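Presented below is the structure to which this report refers.
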Amino acid sequence: MKNYKTIILSNQEISPGYYRMRLLTPGFSETARPGQFLMMRVQQSLPPLLRRPFGIFRTGFLPADCEGMPPKEYTEILYKVVGRGTNIMADLHRGDKVEVLGPLGRGFDVGDPSEEKILVGGGIGLVPLYMLAESLASRCKVRLLMGGRTRDDILAVTEFERLGVETYVSTDDGSLGEEGLVTRVLERKLDKYPRSSVYACGPMPMLEAVYRICHRRQVPLQVSLEALMACGVGACLGCVVKGVGHTEDAPRYLCTCKQGPVFRAEQLDWSRLGEEPGYCEGCKS
Amino acid sequence: MSNGCPNLTVDLGGLVLKNPVMPASGTFGYGEEYAPFLDLNRLGAVVTKGLSLKPKAGNPTPRIAETISGMLNAIGLQNVGVDDFIKFKLPFLREFTTPVIVNFFGNTLEEYGEVAARLSDIPEVTAVELNISCPNVKKGGIVFGTDPKAAHEAVSTVRKQLNKHLMVKLTPNVTDITVIARAVEEAGADSISCINTITGMAVDIKTRRPRLANRTGGLSGPAIRPVALRMVHQVVQAVKIPVIGVGGIVRPMDALEFLIVGAKAVQVGTANFVDPASMITIIEGIEQFLLEEGLSDINQLIGSLEL
Ligand SMILES: Cc1cc2nc3c(=O)[nH]c(=O)nc-3n(C[C@H](O)[C@H](O)[C@H](O)COP(=O)(O)OP(=O)(O)OC[C@H]3O[C@@H](n4cnc5c(N)ncnc54)[C@H](O)[C@@H]3O)c2cc1C
Ligand SMILES: Cc1cc2nc3c(=O)[nH]c(=O)nc-3n(C[C@H](O)[C@H](O)[C@H](O)COP(=O)(O)O)c2cc1C
Ligand code: FES
């Protein structure tokens, strides 16, 4: 965990409204675990006041510029342009300075390598699944089910394929892959591979549907959640979600930034997760 | 200024700090959350998240909303309670040489007294900061921080139970803050910190619902700095005890403004979220400014406002 005052190595639009940003982050890859995130200060001046949370898509090394120089260590994020902060980010270029705090939060538990894994990504929810796939692909069978509204919302699938992951794409409008919801694909795959464990990240309604499917079949599920965050380190208590057994009289809140963002499904109070009013735009995508 | 290092030590009426910069309660957790990002030994003091007698779960979500140059929060004072704080959180802070100031609040006078009594026995707690600005309502509908009589009562109750430095934190949500300031001074406060957050609201225009589940919340951050500065200026004129300035401090120059109007120290809140090292930058910036101005001691700057 560190605050990196760093520079952007590249920032490109990879699909309409979606960007991929590569940041110089020496030392980051040794500590970053699948499912962790970072908090980015999008510009030095204010506003926007608060940092924005983004999942860590991957880390890696660039070949050294010249002999004797150490290779450059980088971190990549994928982001969707939704509001003030991400609009500013979309205008940043190679060489621009940004600050990132990370890696933060608890990542995925990679679990038993003898079990098959199904990863379910909805839109930008695909982000935290790549490093997970990377760490699993050599040890067990990994299948990625990727859902989006249209073909524009399907990201980076070929990169998963390069890891040896079997990928299935579905879109609501049928513009790419199978027409329909990704949860329908999930049910079919679980019929065929019932002993898989499931890892999911995406909009809340999708996660709820995934939860219901996995719960009914008694399949282990881990989900990565989004919440409004101010600090990202457990200091403000702004990012809490309702834990299992939560009642008005005995509230049980879990801190998304510190105890999450990845939770085992049985830690959460699913009956109430969808009730949050005016939650956030990104979650409705 | 012989060795070129100006003196940053301030004396808050017996509570001596190596420099005047500390976190604002509720924005620095219990200290451990930010320890990976900055050296707690460099701070003037550590101020912890507000405690109550019993653990408190806080408000429903959404609890935060960003606004122009500020944020609204309605955390609802979620905390582990005074006993678990002493058992599980305080040992971590013992490892540092920095004084620990523990912020707390009560729902009733009895609770204020009880929490104060428990903290009184703990040697690692250097001072306490009494939050009378919380929106909790005493029997009879009087809010402690907005009624001078109730404020006086709360502070005297705590004073009787406490053998440590007593800092009292004021709410800005009043017509005349100097009336409350005088009441708490008279009741035995050793210092005053001001201000707490300003009640505000934000609405999602698409859903037409409040952006906070609690409907309203406390505004903090740069947006409130001019209001905080005005109130600190007023309180400094109204009382003899030291005043600690809080509200929207982000850069060294913001802290300097508060010191010039007469605050003996400052607290940095929301800025910690934006940059965990902001308090270190502020300490270094104050030092640099004193050097540039040819001042050997920060106390030459404090209260140097020209009117
Ligand atoms: C742990 C975590 C990981 C995330 N990973 C990614 C990712 O990999 N890629 C990606 O595109 N998005 C991700 N998000 C969502 C992303 O943080 C928001 O889309 C982004 O903050 C929006 O900022 P904005 O200024 O453009 O939007 P605005 O609507 O202008 O933001 C206003 C405020 O709301 C907050 N906010 C808005 N939407 C969200 C949201 N969905 N979740 C949390 N806070 C929000 C902002 O941070 C800001 O404080 C993640 C969120 C979390 C909590
Ligand atoms: C998330 C959050 C939690 C807070 N919790 C407390 C608290 O527990 N006790 C308290 O006295 N003040 C609390 N405050 C108020 C701050 O200590 C401070 O007075 C206020 O934020 C103004 O300073 P700032 O603009 O530098 O943030 C809280 C503020 C924020 C933003
Ligand atoms: S974002 Fe501050 S506690 Fe989680």
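Taking the conditions (1) near ligand 1 (Cβ under 8 Å from one of its atoms); (2) open to solvent by less than 60 Å² (accessible area, probe 1.4 Å) in turn, residue A:87 satisfies each one other than (2).
Which of the residues that make up region B:24-43 are open to solvent by less than 10 Å² (accessible area, probe 1.4 Å) and more than 9 Å from chain A (Cβ to nearest Cβ)? Walk me through it before giving the result.
Pass one, region B:24-43, residues open to solvent by less than 10 Å² (accessible area, probe 1.4 Å): B:24, B:28-29, B:31, B:34, B:40, B:43.
Those that are open to solvent by less than 10 Å² (accessible area, probe 1.4 Å) and more than 9 Å from chain A (Cβ to nearest Cβ): B:24, B:31, B:40, B:43.
Write out, first by first residue and then by second, each pair whose Cβ atoms fall under 9 Å of each other, whose residues are 6+ apart or on separate chains, and whose first residue, in region B:24-43, is touching a residue at least 12 places away in the same chain (Cβ under 8 Å) while the second is acidic (Asp, Glu) and buried (at least 23 other Cβ atoms within 10 Å of the Cβ). Final answer for the pair search is B:25/B:129.
Name the single residue that is farthest from ligand 3 (Cβ to nearest atom) among those in region A:223-241 being more than 22 Å from residue B:218 (Cα to Cα) and in contact with a helix residue (DSSP H, G or I) (Cβ under 7 Å, 6 or more places away or on another chain).
Here is the first cut: in region A:223-241, the ones more than 22 Å from residue B:218 (Cα to Cα) are A:223-226.
Within this subset, residues satisfying the condition of being in contact with a helix residue (DSSP H, G or I) (Cβ under 7 Å, 6 or more places away or on another chain) are A:223, A:226.
Values: A:223: 17, A:226: 11 Å.
The qualifying residue farthest from ligand 3 (Cβ to nearest atom) is A:223.
Of all the residues in region A:168-186, those that are farther than 22 Å from residue A:217 by Cβ and buried (at least 16 other Cβ atoms within 10 Å of the Cβ) number 4.
Here residue A:199 fulfils each of the conditions (1) part of a helix (DSSP H, G or I); (2) open to solvent by less than 30 Å² (accessible area, probe 1.4 Å) apart from (1). Return the residue satisfying two criteria in turn: it lies in region A:75-84 and is near ligand 1 (Cβ under 6 Å from one of its atoms) and assigned to a loop (DSSP other than H, G, I, E, B), and of such residues it is nearest to the other protein chains (Cβ to nearest Cβ). Here the residue is A:83. Residues of region B:241-276 that are within 16 Å of ligand 1 (Cβ to nearest atom) and among the β-branched types (Val, Ile, Thr): B:270, B:274.
Candidates in region A:137-152 are the residues that are buried (at least 24 other Cβ atoms within 10 Å of the Cβ) and out of contact with any Ser or Thr (no Cβ under 7 Å at 6 or more places or on another chain); of these, the one that is nearest to the other protein chains (Cβ to nearest Cβ) is A:145. Would you mind stating whether residue A:275 is modelled with pLDDT of 95 or more and over 22 Å from residue A:104 (Cβ atoms)? No: the conditions fail for residue A:275. Looking across region A:1-27 at every residue that is within 14 Å of another protein chain (Cβ to nearest Cβ) and over 28 Å from residue B:68 (Cα atoms), the one that is nearest to ligand 3 (Cβ to nearest atom) is identified as A:1.
A count restricted to region A:250-265 and to residues that are open to solvent by 20 Å² or more (accessible area, probe 1.4 Å) and among the aliphatic types (A, V, I, L, M) stands at 2. Summed over region A:177-193, the residues that are more than 13 Å from residue A:212 (Cα to Cα), part of a helix (DSSP H, G or I) and free of Cβ contacts under 8 Å to residues at least 24 places away in the same chain give a count of 3. When region A:218-242 is filtered for residues that are farther than 14 Å from residue A:106 by Cβ, modelled with pLDDT of 95 or more and in a strand (DSSP E or B), the ones remaining, listed by number, are A:221, A:240. Once region B:223-262 is narrowed to residues that are free of Cβ contacts under 8 Å to residues at least 40 places away in the same chain and touching a strand residue (DSSP E or B) at 6+ places or on another chain (Cβ under 6 Å), the residue that is nearest to ligand 2 (Cβ to nearest atom) is B:249. Candidates are the residues of region A:234-249 that are open to solvent by 10 Å² or more (accessible area, probe 1.4 Å) and β-branched (Val, Ile, Thr); the one that is farthest from the other protein chains (Cβ to nearest Cβ) is A:244.
Restricting attention to region B:160-190, which residues are of a type outside the set (Val, Ile, Thr), assigned to a helix (DSSP H, G or I) and within 23 Å of residue B:266 (Cα to Cα)? Talk me through it step by step, then tell me what you get.
Here is the first cut: in region B:160-190, the ones of a type outside the set (Val, Ile, Thr) are B:160-167, B:169-170, B:172-173, B:176, B:181-183, B:185-190.
Those left that are additionally assigned to a helix (DSSP H, G or I): B:160-161, B:181-183, B:185-186.
The answer is B:181, B:182, B:183, B:185, B:186.
For region A:252-268, does any single residue satisfy the condition of being away from every other protein chain (no Cβ under 11 Å), at pLDDT 95 or above and on the phi > 0 side of the Ramachandran plot? Within region A:252-268, not a single residue is away from every other protein chain (no Cβ under 11 Å), at pLDDT 95 or above and on the phi > 0 side of the Ramachandran plot.
Residues in region A:213-233 that are farther than 17 Å from residue A:38 by Cβ and either within 7 Å of another protein chain (Cβ to nearest Cβ) or open to solvent by 20 Å² or more (accessible area, probe 1.4 Å) (or both): A:215, A:216, A:217, A:218, A:220, A:222. When A:58, A:41, A:106 are checked against the criterion of being at negative phi and away from ligand 3 (no atom under 16 Å from the Cβ), a single residue qualifies: A:58. Here residue B:75 qualifies as outside any helix (DSSP H, G or I), closer than 20 Å to residue B:144 by Cβ and β-branched (Val, Ile, Thr). Just so you know, in region B:286-298 the residues that are out of contact with any strand residue (DSSP E or B) (no Cβ under 7 Å at 6 or more places or on another chain) and open to solvent by 20 Å² or more (accessible area, probe 1.4 Å) include one that is farthest from ligand 1 (Cβ to nearest atom), and it is B:294.
Taking the conditions exactly as written (charged (D, E, K, R), at negative phi, within 16 Å of ligand 1 (Cβ to nearest atom) and crowded, with 19+ Cβ neighbours inside 10 Å), does residue A:52 satisfy them or not?
Numbers: charged (D, E, K, R): yes; at negative phi: yes; within 16 Å of ligand 1 (Cβ to nearest atom): yes; crowded, with 19+ Cβ neighbours inside 10 Å: yes.
It is true that residue A:52 is charged (D, E, K, R), at negative phi, within 16 Å of ligand 1 (Cβ to nearest atom) and crowded, with 19+ Cβ neighbours inside 10 Å.
Can you name the number of the only condition in (1) over 18 Å from the mean Cα position of the chain (by Cα); (2) of a type in the set (D, E, K, R); (3) open to solvent by less than 20 Å² (accessible area, probe 1.4 Å) that residue B:54 fails? Status for residue B:54: all satisfied but (3). Residues in region B:276-300 that are in contact (Cβ under 8 Å) with a residue 40 or more places away in the chain and within 14 Å of chain A (Cβ to nearest Cβ): B:276, B:277, B:279, B:280.
Identify, from the list B:193, B:220, the residue that is within 14 Å of chain A (Cβ to nearest Cβ), open to solvent by less than 40 Å² (accessible area, probe 1.4 Å) and either more than 16 Å from ligand 3 (Cβ to nearest atom) or under 20 Å from residue B:265 (Cβ atoms) (or both).
Details: B:193 fails: within 14 Å of chain A (Cβ to nearest Cβ).
Residue meeting the stated conditions: B:220.
The values are calculated or read from the model by the stated rules, or taken from the named source; none is laboratory data. Everything numeric in this text was worked out from a predicted model, so none of it was measured. As a convention, Cβ positions derive from the backbone with ideal geometry for all residues, glycine included, and neighbour counts pool all protein chains shown. Surface accessibility is based on the protein's heavy atoms, side chains included, excluding ligands, DNA and RNA. Shrake-Rupley method; radii C 1.70, N 1.55, O 1.52, S 1.80 Å.
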